[in-house]
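What follows is a single structure, written as structure tokens, with notes after it.
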């Protein structure tokens, strides 16, 4: 229990190296306006922006690039499809050879997928399999089901003197033209694209075996508080189990971060400083939980007292108290101590900023949903509630406003946004939700 | 190029060990009805059901359980919160001591979070921090902002003979009651729950350090076709790069499966059989791509000719041709050869069946969306289109119906469902979409 210390230089010193005093943080400190979610997200982006450097990129084989973000635009080195090919199992024909009423054509050697076929002579039909290259001269495919006979002869018969009757076909029918998906030279994927299965599949289809991506962001995660006990141990009266660490570590891993845990820090500021120094070596970012508010025992505020860090109150509920700055030169974010506040802090500040800077994780898709029940919200704050979005587009709130409701959070699939300026909403009114 | 062989025993032999002939597969074979998505999903579920066994579960520490599904209900061993605690930094009081008009109270020793406080005497107020245990006797908290003075005295003053003026407080104000989130003995998480950050955070809050989960499903993934070339190699005329392997491996990994790749099989059935034997040892499931349709060179059909496997046509576009059965006793699924068909097959059959059996991956949330453009669909099939869902709830289709459009798929964030029986939809009509 030490007395609160004055908390050091302000954010703009960190971010602007002796800046102009006109940053949002400075204005906030001058009391001219409240500190909004957008203000804080911008400050977090500014803090992490230097990580977006060429040194922090790497070339990875496609499978290892899953979940990362593209550094540069990728141009298509070839067209897709690379050549005109058949969309069906059937017969490749010159459409002029099958006029109205159809025609009987002689059957050429079959075209399996993967082969370069001989040119199609006039009056002939070439058995062709899905994906196989269209012979020169052919401009349409008649599906096998429409031919007479409607199945390929036993392979001994393919390419012999058999004939087939085919209905009329207009040019281009069941032909996938070269470049109809993407043309050589076009941008196939833009810089900042999140690489999921479909994006990696496209790179493979283009023949690209490896790709330049941003490195994973490494983080030291420290939960603080004399009241916090590791799960699995006995729980003395007045203490609670640490869920912040588990919750945030999992959320960060899901977002592609590499997480280092440093146990639970006590409420001794000097011990916390030692821990940040010894465990934080080499990480990109330090994230703490707890100890950032206005109580009498705020260990993170105290430990950061001589560091260029700000302790602010974002106009958001829950998750208002936030720390931001550097600890001995290393980027630092101080999240509040309640688990729901921690997750909301991560989802509102760290996750979208990482998505914006590095293309990964994938950003949350904002959706509109109708409230299944009324709610109230403090008008001067942006409220983030938890809810369950149903297939019919309605969202049911889970738990109340309070930030300790882990069970309610575990039953939710969306965050529900109630912007500042809104004091109440009726059932049936629309809100923005983010899928978790 | 070998001639098509008759393709062995039918599915019900695999699934029912000489079953009754009344399975959907049997009815399908008898030609009484078409084989629907639901029919095939049920057949896949029946094929994989034996994997849901006690031998295929394991106890894991919470962090390693991320992305797995719970084997059994988890009951709360303690209540959350474990004890009544303060929602604010402020003063714990007996509400009777602060009647209308408020009162001046003597200040007791402070209650930090984590401590067991002394009982609150009548006429006293105890400085209390957020999350700290409410002293016996106290039934309300007055936030520090509403007190006079409105900040805690320097720590030397805490617990001395100071007094504080407090406004009236009704019982329960700013108190989080014990068990208000979950009560000891209640089901905290149900069997089959997907373990994401919030669920793991809840287990940690309950003090539970490890949890019984279903083992990851291991899969041998084999892409087939003489026409297919590994990305990074030169591309001869008529050939294409293998994107199925990359696409499906990434999708399976995202879904928590452990994937073994076995390169690209040629169109030689005996070589494929050898490969499935040598590489498939120990896996839970074999998945192939390509070679399941009605063309003349269908290597997977041919390799499975003497195995209890069916090759069916699901009434779905794309992804109609499907193989299902066992290869030398090992569950087998044969997906079609086009990348979009592969992904649709995975999303319609394998992913939801795994989610249903093992609680992982998390199921796709179905949502309603309005089409931004008209579409047509074959009335006898369920069509699965790709699209981009916007925040306003409209979905724009990406690419056409064709299953080769990887670039269009890479720009999509949802699958768009057009059920069988629907031949056309106008712009503005509602469809079901699944978030990818």
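The values are calculated or read from the model by the stated rules, or taken from the named source; none is laboratory data. Note that the structure is a prediction, hence the values are computed from the model and not measured. Please note: Cβ atoms are built from the backbone with ideal geometry, for glycine as well, and neighbour counts cover all protein chains shown.
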**Study point:** Residues that are in a strand (DSSP E or B) and within 30 Å of residue A:213 (Cα to Cα), drawn from region A:229-265
**Key:** A:258, A:259, A:260, A:261, A:262
Point to revise | Output for region B:406-430, where each listed residue is away from every other protein chain (no Cβ under 12 Å) and under 25 Å from the mean Cα position of the chain (by Cα) | key: B:416, B:418, B:419
Exercise for review: Output the number of residues of region A:227-267 satisfying the condition of being at the interface with chain B (Cβ under 7 Å from one of its Cβ atoms), over 23 Å from the mean Cα position of the chain (by Cα) and free of Cβ contacts under 8 Å to residues at least 60 places away in the same chain.
Suggested key: 10
Check your understanding: Among the residues of region A:422-435, is there at least one that is assigned to a loop (DSSP other than H, G, I, E, B), modelled with pLDDT of 95 or more and crowded, with 19+ Cβ neighbours inside 10 Å?
Key -> no
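Which residue is surrounded by the fewest Cβ atoms within 10 Å (Cβ to Cβ), if the candidates are limited to region B:173-184 and must be in a loop (DSSP other than H, G, I, E, B) and in contact with a strand residue (DSSP E or B) (Cβ under 6 Å, 6 or more places away or on another chain)?
Across region B:173-184, the extreme among qualifying residues is B:173.
Every residue in region A:87-116 that is more than 10 Å from chain B (Cβ to nearest Cβ), part of a strand (DSSP E or B) and crowded, with 20+ Cβ neighbours inside 10 Å, please.
Looking only at region A:87-116, we keep the residues that are more than 10 Å from chain B (Cβ to nearest Cβ), and these are A:91-109.
Applying the additional criterion that residues be part of a strand (DSSP E or B) yields A:91-93, A:103-107.
If the condition is that a residue be more than 10 Å from chain B (Cβ to nearest Cβ), part of a strand (DSSP E or B) and crowded, with 20+ Cβ neighbours inside 10 Å, then A:91, A:92, A:93, A:105, A:107 are the ones that fit.
Going by the conditions given, is residue B:225 in contact with a helix residue (DSSP H, G or I) (Cβ under 9 Å, 6 or more places away or on another chain) and modelled with pLDDT under 95?
In short, yes.
Kindly indicate which of A:353, A:384, A:395, A:416 is in contact with a helix residue (DSSP H, G or I) (Cβ under 7 Å, 6 or more places away or on another chain) and either within 26 Å of residue B:187 (Cα to Cα) or not assigned by TED's automatic domain parsing to the domain that holds residue A:239 (or both). Outline the logic, then answer.
Numbers: A:353 fails: either within 26 Å of residue B:187 (Cα to Cα) or not assigned by TED's automatic domain parsing to the domain that holds residue A:239 (or both); A:395 fails: in contact with a helix residue (DSSP H, G or I) (Cβ under 7 Å, 6 or more places away or on another chain); A:416 fails: in contact with a helix residue (DSSP H, G or I) (Cβ under 7 Å, 6 or more places away or on another chain).
Just one listed residue meets the conditions, A:384.
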Check your understanding: If you go through region A:125-149, how many residues are in contact (Cβ under 8 Å) with a residue 24 or more places away in the chain, more than 13 Å from every other protein chain (Cβ to nearest Cβ) and touching a strand residue (DSSP E or B) at 6+ places or on another chain (Cβ under 8 Å)?
Key -> 6
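To keep it simple, each residue is scored yes or no on (1) crowded, with 23+ Cβ neighbours inside 10 Å; (2) at pLDDT below 95.
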| residue | (1), (2) |
| --- | --- |
| A:300 | yes, no |
| A:330 | no, no |
| A:334 | yes, no |
| A:337 | yes, yes |
| A:342 | yes, no |
| A:356 | no, no |
| A:365 | no, yes |
| A:379 | no, no |
Practice item. Kindly check whether there is at least one residue in region B:131-143 that is in a strand (DSSP E or B), more than 28 Å from residue A:242 (Cα to Cα) and in contact with a helix residue (DSSP H, G or I) (Cβ under 7 Å, 6 or more places away or on another chain). Key: no
Study note, to complete from the structure: From the option list B:58, B:64, B:72, single residue qualifying as assigned to a helix (DSSP H, G or I) and more than 9 Å from chain A (Cβ to nearest Cβ) is B:64
Check your understanding: Could you say whether any residue in region B:386-405 is touching a residue at least 40 places away in the same chain (Cβ under 8 Å), under 25 Å from the mean Cα position of the chain (by Cα), more than 10 Å from every other protein chain (Cβ to nearest Cβ) and outside any loop (DSSP other than H, G, I, E, B)?
Key -> yes
Check your understanding: Restricting attention to region B:249-265, does a residue exist that is surrounded by 24 or more Cβ atoms within 10 Å (Cβ to Cβ) and closer than 19 Å to residue B:227 by Cα?
Key -> yes
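Would you confirm whether or not region B:151-163 contains a residue that is outside any loop (DSSP other than H, G, I, E, B), modelled with pLDDT under 90, over 42 Å from the mean Cα position of the chain (by Cα) and farther than 18 Å from residue A:293 by Cα? Give the steps one after another, and end with the answer.
The first filter runs over region B:151-163 and keeps only residues outside any loop (DSSP other than H, G, I, E, B), leaving B:155-157, B:163.
Cutting the leftovers down to modelled with pLDDT under 90 gives us B:155-157.
From what's left, over 42 Å from the mean Cα position of the chain (by Cα): B:155-157.
This time we only want the ones that are farther than 18 Å from residue A:293 by Cα, so: B:156-157.
So far as region B:151-163 goes, yes, one or more of its residues are outside any loop (DSSP other than H, G, I, E, B), modelled with pLDDT under 90, over 42 Å from the mean Cα position of the chain (by Cα) and farther than 18 Å from residue A:293 by Cα.
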**Study point:** Of the criteria (1) assigned to a helix (DSSP H, G or I); (2) within 11 Å of chain A (Cβ to nearest Cβ); (3) under 30 Å from residue B:211 (Cα atoms), which one residue B:77 fails
**Key:** (1)
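In this structure, does residue B:120 turn out to be within 42 Å of the chain's Cα centre (by Cα) and either crowded, with 21+ Cβ neighbours inside 10 Å or more than 7 Å from chain A (Cβ to nearest Cβ) (or both)?
Values: within 42 Å of the chain's Cα centre (by Cα): no; either crowded, with 21+ Cβ neighbours inside 10 Å or more than 7 Å from chain A (Cβ to nearest Cβ) (or both): yes.
No.
Touching a helix residue (DSSP H, G or I) at 6+ places or on another chain (Cβ under 6 Å), assigned to a loop (DSSP other than H, G, I, E, B) and more than 24 Å from residue A:207 (Cα to Cα), is that true of residue B:283?
Values: touching a helix residue (DSSP H, G or I) at 6+ places or on another chain (Cβ under 6 Å): no; assigned to a loop (DSSP other than H, G, I, E, B): yes; more than 24 Å from residue A:207 (Cα to Cα): yes.
Spelling it out, it is not the case that residue B:283 is touching a helix residue (DSSP H, G or I) at 6+ places or on another chain (Cβ under 6 Å), assigned to a loop (DSSP other than H, G, I, E, B) and more than 24 Å from residue A:207 (Cα to Cα).
Taking residue A:303 as the residue in question, decide whether it is away from chain B (no Cβ under 13 Å), touching a helix residue (DSSP H, G or I) at 6+ places or on another chain (Cβ under 8 Å) and under 19 Å from residue A:338 (Cα atoms).
Working: away from chain B (no Cβ under 13 Å): yes; touching a helix residue (DSSP H, G or I) at 6+ places or on another chain (Cβ under 8 Å): yes; under 19 Å from residue A:338 (Cα atoms): no.
When the stated conditions are applied, residue A:303 does not pass them.
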Exercise for review: Mind listing whichever residues of region A:207-225 are over 21 Å from residue A:332 (Cα atoms) and at the interface with another protein chain (Cβ under 7 Å from one of its Cβ atoms)?
Suggested key: A:207, A:208, A:209
Practice item. Could you name every one of the strands (runs of 3 or more DSSP E) located completely within region A:289-382 that has at least 2 residues being in contact (Cβ under 8 Å) with a residue 12 or more places away in the chain and within 25 Å of the chain's Cα centre (by Cα)? Key: A:321-327, A:330-335, A:366-371
